[in-house]
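For reference, the structure is listed below as structure tokens.
The values are calculated or read from the model by the stated rules, or taken from the named source; none is laboratory data. Note that the coordinates shown come from a computational prediction; the quantities given were computed from them, not determined experimentally. Every residue, glycine among them, receives a Cβ derived from its backbone with ideal geometry; neighbour counts consider all protein chains shown. All accessible areas refer to the heavy atoms of the entire protein, side chains included, with ligands and DNA or RNA removed. Shrake-Rupley method; radii C 1.70, N 1.55, O 1.52, S 1.80 Å.
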Amino acid sequence: LSDLEDPYEALRARMKVCTDCQLCATRHEVVVDRGSPMARLLFIGESPGASEDASGQAFVGAAGQLLDELIAEAGIAADRFLIVNILKCRPPNNDFPGDAKSRFKVEDTVLKCLPWLDKQIEIVRPKVIVLVGNKAVQWTVYRNKPDVPPMAELLNKWIRSDRYPGVEVFAMYHTSYLLRSVEKSAEEGAGLRKTAITTLRWAADALQGELPEAEFLHVRSGDKRYEQMKFF
Ligand code: SF4
């Protein structure tokens, strides 16, 4: 297939020039992804940082390098995954829209960008999704729901969501959080790293069709009150 015939490459080309929200004014590069679109394991992070904004590649800074290290330690080959983010353009100062320090509203940014993620998922058709960080959890499986559990409650669980039928979903702390934890306490950092490796091994097994011996969590479709956030 030529790039124009390949649906993922055609999507990538459209994303690279997107001006659908206010974040296009300050970004340098639209960060579409990193890895193989042919892979059935999809990592979803939060938003690009400075390194990603400069390079146009997802998860290439310190947090990305740690994620690669953990993925390799879990025995997943580099050509077996694709990494994307919820937001494709870096928010100024890395302040995620809707957070206290951000001047951007989610409806003006995140909700405008999510159709790109949905299209990526539709084309890639992942068998396994690993959500990296609580924003990834919030804007994927919990998109239309009011109460997003804290990450600590989602670790060690195997998730299925009405939103992604047939896909095994796992969640892990963002690797930038792991980096900060190591700085605070080597012991806590080591514990979080061990949990992340376990999650990634489950993801690798799920890719082979083996279901993990973890607690199962079914996330049902959104509450009616939140239907206004459903836009596709
Ligand atoms: S953040 Fe998303 S919607 Fe906004 S300009 Fe970038 S690609 Fe487009």
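Residue pairs whose Cβ atoms lie under 8 Å apart, separated by 6 or more positions or on different chains, with the first residue in the stretch 147-169 and touching a residue at least 24 places away in the same chain (Cβ under 8 Å) and the second open to solvent by less than 70 Å² (accessible area, probe 1.4 Å) and of a type in the set (D, E, K, R), are Trp158/Glu168; Ile159/Glu168; Arg160/Glu168; Arg163/Arg143. Here Asp68 meets each of (1) in a helix (DSSP H, G or I); (2) over 17 Å from Pro97 (Cβ atoms); (3) within 16 Å of the ligand (Cβ to nearest atom); (4) of a type outside the set (Gly, Ala, Ser) with one exception, condition (3). Residues in the stretch 150-173 that are touching a helix residue (DSSP H, G or I) at 6+ places or on another chain (Cβ under 8 Å), surrounded by fewer than 21 Cβ atoms within 10 Å (Cβ to Cβ) and part of a loop (DSSP other than H, G, I, E, B): Pro150, Leu155, Asn156, Tyr164.
Taken over the stretch 180-189, residues that are open to solvent by less than 60 Å² (accessible area, probe 1.4 Å) and in a helix (DSSP H, G or I) amount to 2. The residues listed here are Ile83, Ile44; of these, the one that is open to solvent by less than 60 Å² (accessible area, probe 1.4 Å), among the β-branched types (Val, Ile, Thr) and either touching a Phe, Trp or Tyr at 6+ places or on another chain (Cβ under 8 Å) or within 12 Å of the ligand (Cβ to nearest atom) (or both) is Ile83. Within the stretch 11-39, being open to solvent by 30 Å² or more (accessible area, probe 1.4 Å) and away from the ligand (no atom under 13 Å from the Cβ) holds for Arg34, Gly35, Pro37, Met38. Within the stretch 96-114, being within 14 Å of the chain's Cα centre (by Cα) and either open to solvent by 30 Å² or more (accessible area, probe 1.4 Å) or touching a residue at least 60 places away in the same chain (Cβ under 8 Å) (or both) holds for Cys113, Leu114.
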